[in-house]
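> After the structure tokens below, expect a handful of questions from me.
The values are calculated or read from the model by the stated rules, or taken from the named source; none is laboratory data. Since the model is a prediction, treat every value here as computed from it, not as a measurement. Note: ideal-geometry Cβ built from the backbone for every residue, glycine included; neighbour counts use all protein chains shown. Protein only, heavy atoms only, side chains kept; ligands, DNA and RNA dropped before computing areas. Shrake-Rupley method; radii C 1.70, N 1.55, O 1.52, S 1.80 Å.
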Amino acid sequence: QAITYEVTQAKIKIIQVKGDVLDLSKFDQNLIHMLRTQINDEQIANQKKKSMESRLRLKDSGILCGAKFFAGVYDGNKKFHFDFQQSAVVKYVFASILGKKTYSQIYYEINRQFPDRLGQAKMFYESSLHHIATQPIYAGYMYNSREELIKCQNAPETIITLKDFQQVQEIMEHKRHRHKRTRADQHRKRILPFTGYLKCGHCRGNLIVIVDKGKILYKCKQGDLVKTQNCRDSRALVSYEK
């Protein structure tokens with residue numbers, strides 16, 4: 001409507017690819033244009049709704065349409081496979097969590113051992129670990145529209161077992177509860193004024209906010225990812241006046 005108004009005010013005539021010249025300053029032509037636009041919008045909305053319904057039906061029947069996960073390669077026609085080299089990273093993540101390694105230890109070791117298998121990311125972060133560890137497709141399963149775990153009918157050969165996947169979910173859930181921060185700590189982290197502005201003096205990466213033994217401080221994320229000593233020493237303690 002805003003574009004139509006500007007076109008009308010500027011007295012612009014539109015040469016249509018299919019049809020005659022459209023002059024929106026004329027009532028009848030403007031009315032026809034509005035009707036066509038409304039019809040097109042409704043058709044697009046209906047197509048989108050049908051597409052979503054179709055995807056939900058496929059999802060509930062155990063068909064995965066795509067491979068938007070680490071090590072996933074989509075072959076088309078609802079078929080995909082796991083990248084052989086990146087599958088080794090997936091196995092390492094699950095085996096390490098089951099081995100009770102800390103998250104920082106896991107992504108440090110992956111950055112050190114598999115730097116050429118991380119794809120476009122080029123660095124393995126804690127978020128990368130969570131995205132892999134919570135993905136049931138590696139065990140040949142998926143979640144339906146009701147978030148229920150079901151067998152994936154078009155999954156390739158599995159990388160891990162379902163038992164390993166479920167055990168990893170239990171370990172991660174236990175860690176979440178054990179390391180849950182207080183609401184006061186989370187509030188204090190959010191109001192720190194220099195978040196997103198401080199840089200590491202060694203690698204120039206952003207300093208992130210953490211809570212360490214009850215103390216809130218800035219630290220270089222690279223210190224955990226690659227354990228460079230200079231990055232590990234890039235810390236700034238935050239103090240509060242009472």
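> Could you check which residue among Leu24, Leu225, Leu217 shows the biggest mean-square fluctuation in a GNM of the chain with a 10 Å Cα cutoff?
Between Leu24, Leu225, Leu217, it is Leu24 that shows the largest mean-square fluctuation.
> Using DSSP H assignments, which helices in the chain have an axial alpha-carbon span of 20 Å or above and a mean Kyte-Doolittle hydropathy of -0.5 or higher?
Membrane-span-like by this rule: 84-98.
> While we're on this one: Mean-square fluctuation check for the chain, GNM, Cα pairs under 10 Å: which of Val90, Val211, Val73 is largest?
Largest GNM mean-square fluctuation: Val211.
> In nanometres, what is the gap between the two model label sites at Asn154 and Asp41, each 7 Å from Cα along Cα-to-Cβ?
3.4
> OK, next. For the chain, with only Lys/Arg (+1) and Asp/Glu (-1) charged at the beta-carbon, what is the dipole magnitude about the Cα centre, in debye rounded to 20?
So the dipole magnitude of the chain works out to roughly 960 debye.
> Evaluate E = 1/(1 + (r/R0)^6) for Arg232 and Leu162, where r is the Cβ-Cβ distance and R0 equals 35 Å; express this FRET efficiency to the nearest 0.05.
Computed FRET efficiency for Arg232 and Leu162: 0.40.
> Count neighbours as other Cβ atoms within 10 Å of each site's Cβ, and list the GluC sites (Glu not before Pro) in the range 88-150 that are DSSP loop with at most 12 such neighbours.
Listed in order of number, the matching sites are Glu147, Glu148.
> Further question on the same structure: Which whole-number value in Å² is the accessible area per residue of the chain, probe 1.4 Å?
Per-residue accessible area for the chain comes out at 69 Å².
> Still on this structure: Which of the aspartates and glutamates could a cross-linker bridge to Lys151, judged by Cα under 13 Å and excluding same-chain residues fewer than eight apart?
Within the straight-line limit of under 13 Å, Lys151 reaches these aspartates and glutamates: Asp60.
> Which of the trypsin sites (Lys or Arg not before Pro) found in the range 1-61 are in a DSSP loop and have at most 14 neighbouring Cβ atoms, other than their own, within 10 Å?
Within the range 1-61, the qualifying trypsin sites (Lys or Arg not before Pro) (loop, at most 14 other Cβ atoms within 10 Å) are Lys11, Lys18, Lys26.
> On a 32 Å Cα-Cα criterion, which of the cross-link pairs Lys79/Lys221; Lys48/Lys199; Lys101/Lys219; Lys68/Lys101 come out too long?
Over 32 Å Cα-Cα: Lys79/Lys221; Lys48/Lys199.
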